[in-house]
Amino acid sequence: MIRDIPFFNYPALYAKQEDDLLPIIQNVLRRGAYIMQSDLDTFETSLARYLNVKHVIGVADGTMALIIGLRASGIGAGDEVLVPSHTFVATAAAVHHAGATPVLVDCARDHLIDSADIERRINDRTRAIMPVQLNGRTADMDKIVNIADRYNLKIIEDSAQALGSKFRNRFAGTFGSAGTCSFYPSKTLGCFGDGGAVITNDDDVADHVKLLRDHGRSMNGEVIEWGYNSRLDNLQAAILNYKLSNYIVEIERRREIARIYNSKLGAISNILLPPGPDDSEDHFDIFQNYEIEVDRRDELRNFLLSKGVRTIVQWGGRCIHQFSALGLNTDVPYTESMTKRFMLLPMNTSLEDEDVHYICETIISFYSH
């Protein structure tokens with residue numbers, strides 16, 4: 001029997017929490033608490049406590065978090081920032097809009113920035129490394145921090161897809177001068193619109209972020225530099241604060257789904273799977289996405305679709321170096337080859353075990369024939 005499995009089921013995830021969410025939404029609306037109210041303060045404090053950091057500052061979205069995080073860390077005109085090509089265009093765009101130049105780096109087999117390729121891209125204009133903690137996994141930050149220390153570079157993390165992920169028991173977003181996260185609806189901690197945050201242990205960076213997110217205004221209302229209108233909406237903050245209280249359960253369910261995928265698909269030679277949730281003591285992955293590399297990708301996707309399973313190819317199957325209009329074409333051989341093979345299987349907490357087994361059995365059937 002054919003099952004109907006969407007890639008991401010927005011209505012189902014809302015329906016599961018509707019009884020809890022409606023009173024929260026009504027409370028905010030009845031109070032008229034819309035911009036930078038107590039709900040935002042509570043969420044920022046709660047998320048900072050969860051991440052064990054000094055400061056979390058809510059902003060309008062994940063891209064603005066990157067722009068503001070870069071600027072608050074002192075990155076600007078004339079600087080170069082190393083970013084992986086295998087990421088959403090917003091990562092490089094944030095560097096550009098901060099006034100700096102993005103320089104692309106290849107990725108490794110786990111689809112994260114290749115630390116071995118970072119060093120050969122460094123020159124006298126390089127000022128920062130922006131590792132992208134992709135798909136819910138944190139890169140080997142020991143190697144990246146070592147490189148940054150040796151060359152006196154800043155680290156600003158794009159952790160949009162990795163809130164709660166850890167490397168050696170340290171959370172993504174907490175290794176550099178600033179880290180960022182996104183609360184886009186499909187993220188592991190998602191709101192009902194756009195939202196983001198900057199994470200930092202640096203008091204000066206935190207103060208600068210707060211200034212930049214609110215039109216460059218100081219606490220007394222004096223405008224002291226050009227800033228942005230980039231405040232996390234208070235209604236979204238209230239929703240996120242509720243979701244954060246159940247976040248550990250959300251992550252564990254994703255890890256359970258990943259265990260099924262890895263167990264059922266691990267023997268298929270045509271597929272390169274992501275590292276499993278129990279493969280390494282150094283990594284705690286939250287599986288924002290389940291990204292695989294496969295032979296005959298397009299045929300497999302069409303076969304899955306014929307059986308009711310929706311998949312996607314992240315960012316339309318193109319990485320940043322392949323957007324010729326941006327002028328960032330460079331030699332990133334693993335990323336280039338991967339774009340012909342990579343795809344995402346459904347990964348979210350609306351999935352039942354039976355759905356995941358069905359997806360796996362369909363893939364096994366495809367390759368067995």
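Observations, loosely collected:
- Choice from 59, 89, 209 with maximal GNM fluctuation in the chain (Cα, 10 Å cutoff): 89
- Ellipticity at 222 nm from helices only: DSSP H runs of n ≥ 4 in the chain, each -39500 (n - 2.57), divided by the residue count, give -12000 deg cm²/dmol.
- Taking label positions 7 Å along the Cα-Cβ direction at both residue 252 and residue 42, the computed distance is 2.4 nm, reported to one decimal.
- Pairs of lysines in the chain (C-alpha under 16 Å apart; 8 or more residues apart or interchain): 5
- Ordering of 277-288, 134-145, 242-253, 170-181 by packing is 170-181, 134-145, 277-288, 242-253, highest average first (other Cβ atoms within 10 Å, averaged per residue).
- Segment 92-135 versus segment 232-303: alpha-carbon centroid distance in Å: 24 Å
- Percent accessible area from carbon and sulfur atoms, the chain, protein chains only, probe 1.4 Å: 49 percent
- Ranked by how many other beta carbons lie within 10 Å on average, peptides 188-194, 150-156, 70-76, 48-54 from highest: 70-76, 188-194, 150-156, 48-54
- Using bins of 10 Å that start at zero, the share of Cα-Cα pairs per bin across segment 87-211 amounts to 13, 45, 36, 6, 0, in whole %.
- Convex hull volume per residue in cubic angstrom - Cα atoms of the chain: 135 Å³
- Accessible area per residue in Å² at 1.4 Å probe, computed on segment 20-128: 41 Å²
- Per residue solvent-accessible surface (Å²) - segment 180-292, probe of 1.4 Å: 43 Å²
- For segment 237-369, the C-alpha radius of gyration sits at 1.18 times the compact-globule guess of 2.2 N^0.38 Å, with N the residue count.
- For segment 139-200 versus segment 1-24, the spacing of their alpha-carbon centroids is 28 Å.
- Most simply put, the chain has about 60% antiparallel DSSP beta bridges, counting only bridges with both residues inside it.
- Solvent exposure of residue 97, expressed as accessible area, is near 120 Å², computed with a probe of 1.4 Å over the protein chains only.
- For segment 1-145, the C-alpha radius of gyration sits at 1.35 times the compact-globule guess of 2.2 N^0.38 Å, with N the residue count.
- Sorted peptide list for 158-164, 215-221, criterion being average Cβ within 10 angstrom, highest first: 158-164, 215-221
- Expressed in units of 2.2 N^0.38 Å, where N is the residue count, the Cα radius of gyration of segment 289-358 is 1.31.
The values are calculated or read from the model by the stated rules, or taken from the named source; none is laboratory data. In this text the structure is predicted, and so the values were computed from the model without any measurement. In this analysis, Cβ positions are derived from the backbone assuming ideal geometry, glycine residues included, and neighbour counts consider all displayed protein chains. Side chains included, ligands, DNA and RNA excluded: accessible areas come from the protein's heavy atoms. Shrake-Rupley method; radii C 1.70, N 1.55, O 1.52, S 1.80 Å.
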